[in-house]
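Working notes, structure below.
Just so it is clear, none of the values below were taken in a lab; they were calculated from the coordinates. From a predicted model like this one, the values you see are computed outputs, not experimental measurements. Please note: Cβ atoms are built from the backbone with ideal geometry, for glycine as well, and neighbour counts cover all protein chains shown.
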Amino acid sequence: MDTSRRDFFRVAGGVAATGVLSGVFSQSASAQSTGPLTKHELPAPPYAYDALEPYIDTTTMELHHSKHHAAYVNGLNAVEAALAQARASGDYALTQYWTKRAAFNGGGHFLHSMFWKVMAPPNAGGGGEPSGELRKKIDRDFGSFDAFKKQFSAASAQVEGSGWGLLHYRPEDDRLVVLQAEDHHKLTVWGVWPILCVDVWEHAYYLKYQNKRSDYIDAWWNVVNWDQVSANLDALQPS
Ligand code: MN3
């Protein structure tokens, strides 16, 4: 076992309260049938924690990235190790539990990774309005950028409990659609791909905005990185 793999096992073991991981680590080296595991890692945000001030405060950014997002990364690693352990042992009794945890933690890791990238410091790539092909599709599919913003803001503000507001591209009919997610995964729709997301869990805004989720969303538009959203759309278009 090489050093990085040992380090990963130590990290993953630290989050596995059930203790199921110790078995898979000892077995996975010899049991080829369980398959290799991906080591999911916490991506660094492309700016400093204080870069989105005054719209998103430094303490919120630091806790959100280094604690909350990190927990989803560790959780996803633990889930996949537990499922490998099930394959190694042949005991699939907890598969439903771990599969639900895979959706929650995998969704959390994916959406937070996108969330950091679709934001940029105000007046340094953040804010303003989209242009190019993205702007054309927004105007076409929502009537206007203003109407899109209102619908997206409303969808995000009206998420029941914790969740996300999402702008998706739907390749089937070449259309942009606004949807919600509860938690990180519920209300997921097939056949669409997210290109913009806003986290409306209370941990994303409560320190600065308390119960005023709509105020947070209004402020968040000032840090949207439209170049990144355009790049996300372009990556889904046939070239
Ligand atoms: Mn979050």
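The HN-Hα couplings worked out from phi for the stretch 46-52 by the Karplus form 6.51 cos²θ - 1.76 cosθ + 1.60 (θ = phi - 60°) are x, 6, 6, 4, 8, 6, 9 Hz, whole numbers, x standing for Gly and Pro.
Can you bin the stretch 134-191 into rounded, prolate or oblate? Criterion: square roots of the alpha carbon gyration tensor eigenvalues sorted a ≥ b ≥ c, rounded for a/c under 1.5, prolate for a/b above b/c, oblate for the rest. Oblate. Assigning unit charges at the beta carbon (Lys, Arg +1; Asp, Glu -1) and nothing else, what dipole magnitude in debye, to the nearest 20, does the chain show about its Cα centre? Computed about the Cα centre, the dipole is about 500 debye. For a straight C-alpha distance cut-off of 18 angstrom, the aspartates and glutamates reachable from LYS39 (same-chain residues fewer than eight places away being disregarded) are ASP2, ASP7, GLU80. This ranking places ASP173, ASP141 by how few other beta-carbon atoms lie within 10 Å of each, fewest first, which gives ASP173, ASP141. For the stretch 95-157, the list of chymotrypsin sites (Phe, Trp or Tyr not before Pro) that fall in a loop by DSSP and count at most 15 other C-beta atoms within 10 angstrom is empty. Rounded, prolate or oblate: pick one for the chain, where a ≥ b ≥ c are the square roots of the eigenvalues of its C-alpha gyration tensor, a/c under 1.5 means rounded, and failing that, prolate if a/b is larger than b/c, else oblate. Prolate is the answer for the chain, as a/c is 1.5 or above and a/b outweighs b/c. If exposed GluC sites (Glu not before Pro) are those in a DSSP loop with at most 16 other Cβ within 10 Å, what is the longest stretch of the chain that has none? My reading of the result: 42-159 is the longest stretch. Helices in the chain that qualify as membrane-span-like (whole DSSP H runs, Cα extent of at least 27 Å along the helix axis, mean Kyte-Doolittle hydropathy of 1.6 or higher) do not occur.
Positive-end ranking of HIS68, SER89, ILE195 along the dipole of the chain, with charges on Cβ about the Cα centre, is headed by SER89.
Using 23 Å as the Cα-Cα cut-off, could you pick out the over-long pairs in LYS67/LYS208; LYS100/LYS212; LYS136/LYS208? Distance filter (> 23 Å) returns LYS100/LYS212; LYS136/LYS208. Every helix of 4 or more DSSP H residues in the chain counts as -39500 (n - 2.57), and over all residues that averages to -15000 deg cm²/dmol at 222 nm.
Label the stretch 157-239 by shape, choosing from rounded, prolate and oblate, from the square roots a ≥ b ≥ c of the eigenvalues of the Cα gyration tensor; if a/c is under 1.5 it is rounded, and otherwise prolate applies when a/b is larger than b/c, oblate when it is not.
On the way: a/c = 3.03, a/b = 1.64, b/c = 1.86.
Oblate, since a/c reaches 1.5 and b/c is not below a/b.
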